[in-house]
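Below is one structure, written out as structure tokens; comments come after it.
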Amino acid sequence: MSACRMNQQEPLGELPKLRLLDEAGQPFDERIHAIFLPLEMRFRLKFNTIQDESILRNLFDRAGQLYFKEEQQGMRIERPEGLAWTILNNLGVSELRRSEERVINGSVAGTAGEKTLLAMSTGVGTPEQIVNQVYAKQIYAQLSELEQRCATLKTLGFSSGEVASALSISTAAVDKMMQRIRDRFRHSSSNGRKSRSGGSSS
């Protein structure tokens with residue numbers, strides 16, 4: 001038992017080293033790795049919601065392949081690390097958008113949006129949460145498509161900046177939109193509590 005607990009408390013150690021693969025599934029040479037590997041932590045920090053290692057590795061493989069194609073076309077690359085980061089950043093944003101579309105087009109879209117609204121509620125306790133779920137469904141259904149996408153992405157843990165990139169709007173617009181959604185939820189739930197307590201009669 002104690003040994004098991006000690007093992008659980010051991011540090012995870014270093015992240016596995018990335019090995020970028022070309023389109024034939026073979027490792028790139030060390031020159032390509034020397035350009036991309038220093039960007040790994042920067043990418044992980046910016047796109048920290050991409051936690052699936054297989055997806056992350058695929059993105060780096062794809063980035064290496066695109067970079068290699070640029071070289072093969074005879075382009076003179078003055079700042080290799082700058083081009084590598086541009087490619088990685090574009091792929092990260094594209095993956096963010098694909099994740100958002102999968103959620104919105106999939107069966108969990110409504111659940112994700114409702115969870116966002118529930119997270120905005122200050123109520124705790126099972127009865128309150130059950131009532132809040134009803135309000136969350138009603139409010140989520142009334143949101144515009146853009147508001148639903150924004151709420152869904154925030155539920156997935158994306159930052160306001162990442163959501164702004166995915167939806168092609170400003171960070172300020174994302175924050176303002178989320179504030180309006182929170183206000184609608186709180187207004188609806190507070191009115192519901194008044195009516196249940198007899199505070200608002202017809």
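A few points about this structure:
- Extension reserve of the D52-D29 stretch, reckoned as 0.36 nm per residue once the Cα distance is removed: 5.8 nm
- Net charge over other residues, Cβ less than 12 angstrom from the Cβ of P80 (K, R count +1; D, E count -1): -1
- In this rough spin-label picture, where each label sits 7 Å from Cα along the Cβ direction, the S144-K176 distance is 1.1 nm.
Rule-based calculations on the coordinates, nothing more; no lab input. All of these numbers come straight from a predicted model, not from anything done at the bench. We place every Cβ from the backbone using ideal geometry, glycine too, and count neighbours over all the protein chains shown.
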